[in-house]
1. Where the convex hull is taken over the Cα atoms of the range 355-445, what is its projected area averaged over directions, in nm²?
2. Hey, could you get me the Stokes-Einstein D for the range 495-600, Kirkwood radius over alpha-carbon pairs, 20 °C and 1.002 mPa s, rounded to whole µm² s⁻¹?
3. Quick check of the Kirkwood formula: for the range 153-312, what is the inverse mean of 1/r over all pairs of different Cα atoms, in Å?
4. So, with +1 on the Cβ of K and R and -1 on the Cβ of D and E, and no other charges, what is the size of the charge dipole of the chain about its Cα centre, to the nearest 20 debye?
5. Suppose we look only past 21 Å in the calculated P(r) of the range 124-193. What percent of the Cα-Cα pairs does that tail hold?
6. For a protection proxy built on the mean count of beta-carbon atoms within 10 angstrom, sort 89-98, 386-395 highest first, please.
7. Just by accessible area at a 1.4 angstrom probe, what is the order of 518, 378 from largest to smallest?
8. Accessible area per residue, 1.4 Å probe, Å², for the chain: what's the number?
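The values are calculated or read from the model by the stated rules, or taken from the named source; none is laboratory data. Keep in mind that this is a model prediction, so the values were computed, not measured. Ideal geometry is used to build each Cβ from the backbone, glycine not excepted, and the neighbour counts take in all protein chains shown. To get the accessible areas, we keep the full protein, side chains included, count just its heavy atoms, and leave off ligands, DNA and RNA. Shrake-Rupley method; radii C 1.70, N 1.55, O 1.52, S 1.80 Å.
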Amino acid sequence: MKKFQLIVLANLILLFMNATPGSAAAPAKISYTVTFPEAQAHYAEIEMTVSGLAQPSLELKMPVWTPGSYLVREFAKNIESLTATANGKAVAAPKLNKNTWKINTIGVNSVTVKYKLYAFELSVRTSFIDASHAFLSTSGVFLWPKGMLNSPSTIKIVPYKDWNKVSTSLEKVGGDTFTLTAPNFDILYDSPIEVGTQDVFDFNVKGVHYEVAMYGGGNYDKERLKVDMAKIIEAEAAVFGENPNKHYTFIVHNKLRNGGGLEHLSSTVLGASRDAYANERGYRGFLGLVAHEHFHLWNVKRLRPIVLGPFDYENENYTTNLWIAEGFTAYYQNLILRHADLTPAEGFLADMAADINTVENTPGTKVQPLAESSFDAWIKSYRPNENSVNTGISYYDKGAVIGMLLDLEIINSTNGKSSLDDVMKYMYNTYYKGLKRGYTDAEFKAGFEKFAGKKLDDFYAKYINGLAAIDYDKYLGYAGYKLTDDAAASNDPTIGATISNNGPKKIVTSVLRNSAAWVQGINVGDEIVSIDGTPVTDATTIMNGKKVGDQIKVTISRDGQAMIIPVALLRNPRQKNKIEELPNTTPQQLTVRAKWLKLQ
């Protein structure tokens, strides 16, 4: 053995002898300070310090998406003026790619990075700052050091002017409202932060503390909300047998017109219309949103597809199971309101009929299988265009319908002893609590089969991976119901295009597959000038006096040029389904109905 090799071997032996557990290098410490010196201009300034470094370089990365919202949003686009210092001197921090900066840390123990963040997109998934408040959607705010996703961090919030509250599911440090801590970046990125003067109220549900932070005002009744939200929470916890949280935060953004929500592990962000709480339709819609997003704390945040955690924050995370993660949650948002006695049985049936109508009146339901809809969420569901209705189906809507079918199948097969609830609880206990991982397609299918008592290969082939027409009456019949289409006997004509007002102009905004407009080549973007020589002044009346088979001449303006397109009107295929009771229901059907609608 050569002398050089002996020296290397001796050094390696010495290294291993000294590498005892007690001598391991301490983990780096990560801290952030967030200030708002220009809140009125929608800016925050972030100061990030990483200390305890023992590596030649440090790469800092910004996520490109936020979990629960399946679209690459390129959050790094909102960063500007990034600088770095070490040992009291400025150091270079060149960009390696769209979302990564690299700093040379040879001989450096600590690095401080400062950057400005622009935030002017108020949604449940993106950050927004103005003089009235700051909403920090954390995955688009805080850089993470490469290789340190499992590291803890602290966040110091320096409020703007009269801001005096912070609402978040993150733990406070030493009781300080403005100093927060996260055990790792998965938790940090799953914990949005609201800072401002929001109206906050709280309540407890079986030992779990709930906080509701209302921004933007509104005609809500706090006491009524406390009672009804608690009913929802109890009904959902009953499905899974436990509530895994110690505390949970609802962040609600009330605007003139708003909607939507985004789930998190121990919190949610909801969009609501500030004046809708006072009417029953608006109030029930808000409760449905609460039920949907809160149900997610189990379904998708803990009981999850195997690819959705640990997350890859730099790339798409593909799954074919969003019809379970989102679709079943959409089903349960209505079912829970029924089981919590917040909506009558007929209201729930109307909700399910509405979901069925959405599915059946979407041409894309005959084009895109449900599993594919989930997989392609990144490029289709979150990137809709004028032709989306013809090429795809929502895994929310069809997933909710599939949830109903499987629920009825299980209830019927077990004579009312089991339901979809039992599948959800079994899967939660087996994969989240037991195996501590996500589930595969095959594993969830096996869970359905365990409680249905039969193989579901044909069901999956038809309705999950295929395009077969759904046999609604078979499944509704288990509970003594049938589907009735009130428009089945109609012979109303349609041109098959959606025409919207653009000032005085009537512009085509969508064309349905195989409609008259589709067949004759009327395009999205065309201006409808006249029909049979009569100027179109009201898009809602263009079919007045017309019947199926009529030949009409549609004058359009396309790219500044006039064209006359002959169109033969076709029958409007739009369905208007409702769920009706069958005559002469059997005891078995009544048993299924009672279990399904909680009528006992």
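1. Working: hull surface 28.4 nm².
Averaged projected hull area, Cα only: 7.1 nm².
2. On the way: Rh = 16.5 Å.
The estimated diffusion coefficient comes to 130 µm²/s.
3. Numbers: mean 1/r = 0.0610 Å⁻¹.
Across the range 153-312, the inverse of the average 1/r is 16.4 Å.
4. Values: 63 positive and 62 negative charges, 282 e Å.
Using only the charged Cβ atoms, the result is roughly 1360 debye.
5. 24 percent
6. Details: 89-98: 11.5, 386-395: 20.1.
Highest to lowest by the protection proxy: 386-395, 89-98.
7. Working: 518 95, 378 10 Å².
Putting 518, 378 in descending order of accessible area: 518, 378.
8. Details: 26570 Å² over 600 residues.
Each residue of the chain exposes 44 Å² on average to a 1.4 Å probe.
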